[in-house]
Each structure stands twice: as structure tokens, then as C-alpha cells.
Amino acid sequence: MRRPQVTVSAIVLIGAVTIAGCARHDAAEESGAAKGPATITEVTGQPGIHRVRLTADAAKRVGLQTATMRPDASGRLTVAAAAVLYDERGRTWVWTEIAPLTYQRAPVTVVRVAGSTAVLTAGPAAGTRVVTLGAVELRGSEEGVPGEE
């Protein structure tokens, strides 16, 4: 029996629709928050990279979770393999938490995946919090997949 193939684009679309379906917030509920579940801001000097700020409700609905990047016994960075995303060109990324409910994509270089851990030769510094659940939804938001208005 043939298994259907799922493309990265389909996964990103599903994730974006998940965030887009999150409940709206009034400006009175969260001071300075956007009307939608995610606010996208272009990062100066980094073409194609955006910051994604979620409302608390959006993060909760997505089930967003983070973990800390740590060095292994040899000093190489490690991160949960679930945190690593592959783009359409095969490049590898993680979503870093740069402020409460605010995330930014950062490139990583994966040497190998051992079980549920990815071993890296390049990436954010040890101690950086990265998204382990909800990264696909962040990517969908960054790419501007249309959602409910």
C-alpha cells in the first residue's frame, strides 16, 4: 500500500491555518497587541527573516513549547530534533525565543540526529530557548499564509 507524501508546503499551510483560527483579542485585552493571533515584523538587515509575536491565546492554542539548547559532552550544541525545521532548499532552522511570546528563525547546521536529539556544529548559543512544538505554525505565519479575517 502506498503512503501519501506530505510536502513541507502542506505542513506549513496546516500550521498557518491553525494559528489563523485562533480567537481574536480586543486591544483592551492586551495592550499593544495586534488584532490577530500573530504579529509579523521584518528583521532589519536580515532579508527573509521575520519576528513572529503571538498572543498568549495563540501560543496556548498551538500548544507552543520550548527547550534550551545545551552542549553535549564534547561541547557541541544539541537541541531537540523536533525543534529543527527544513526549508524548501534543505536548509535547517530553529525558532528562537527572543522575548516572551516573540520568536525569530535562526539557521543551524545539523551534524547528526541521535534519537530525539540533533547535534549541531553551528546555531544559536547554548542556553538559547528554541521552539520544540509549534515551529511549523510560526513558519506558516512568517510566510504569510492567509487565514481568517
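The values are calculated or read from the model by the stated rules, or taken from the named source; none is laboratory data. Here the structure is a predicted model, which means the values were calculated and not measured. Cβ placement follows ideal geometry from the backbone for every residue including glycine, while neighbour counts extend to all protein chains displayed.
Numbers below:
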quantity	calculated
Selected residue (criterion: surrounded by the fewest Cβ atoms within 10 Å (Cβ to Cβ)) from residues of the range 80-94 that are closer than 16 Å to GLY134 by Cα and in contact (Cβ under 8 Å) with a residue 60 or more places away in the chain	TYR86
Spans of strands (runs of 3 or more DSSP E) in the range 49-103 with at least 1 residues charged (D, E, K, R)	50-54, 92-99
Odd one out for ILE19 among (1) outside any helix (DSSP H, G or I); (2) at pLDDT below 90; (3) touching a strand residue (DSSP E or B) at 6+ places or on another chain (Cβ under 9 Å); (4) crowded, with 16+ Cβ neighbours inside 10 Å	(1)
Residues (of a type outside the set (A, V, I, L, M, F, W, C) and either touching a helix residue (DSSP H, G or I) at 6+ places or on another chain (Cβ under 9 Å) or surrounded by fewer than 14 Cβ atoms within 10 Å (Cβ to Cβ) (or both)) located in the range 105-125	ARG105, PRO107, THR109, ARG112, GLY115, SER116, THR117, THR121
Enumeration of residues in the range 95-104 that are polar (S, T, N, Q) and surrounded by 16 or more Cβ atoms within 10 Å (Cβ to Cβ)	THR96, GLN104
Residue satisfying all of: in the range 126-136; assigned to a loop (DSSP other than H, G, I, E, B), over 9 Å from the mean Cα position of the chain (by Cα) and not β-branched (Val, Ile, Thr); surrounded by the most Cβ atoms within 10 Å (Cβ to Cβ) among these	ALA126
Residue within the range 137-146 that is over 16 Å from ILE40 (Cβ atoms) and either part of a helix (DSSP H, G or I) or aliphatic (A, V, I, L, M) (or both) present	no
Residues of the range 126-140 satisfying the condition of being closer than 22 Å to GLY48 by Cβ and among the small types (Gly, Ala, Ser)	GLY134, ALA135, GLY140
Selection status of VAL94, among the β-branched types (Val, Ile, Thr) and farther than 24 Å from SER141 by Cα	no
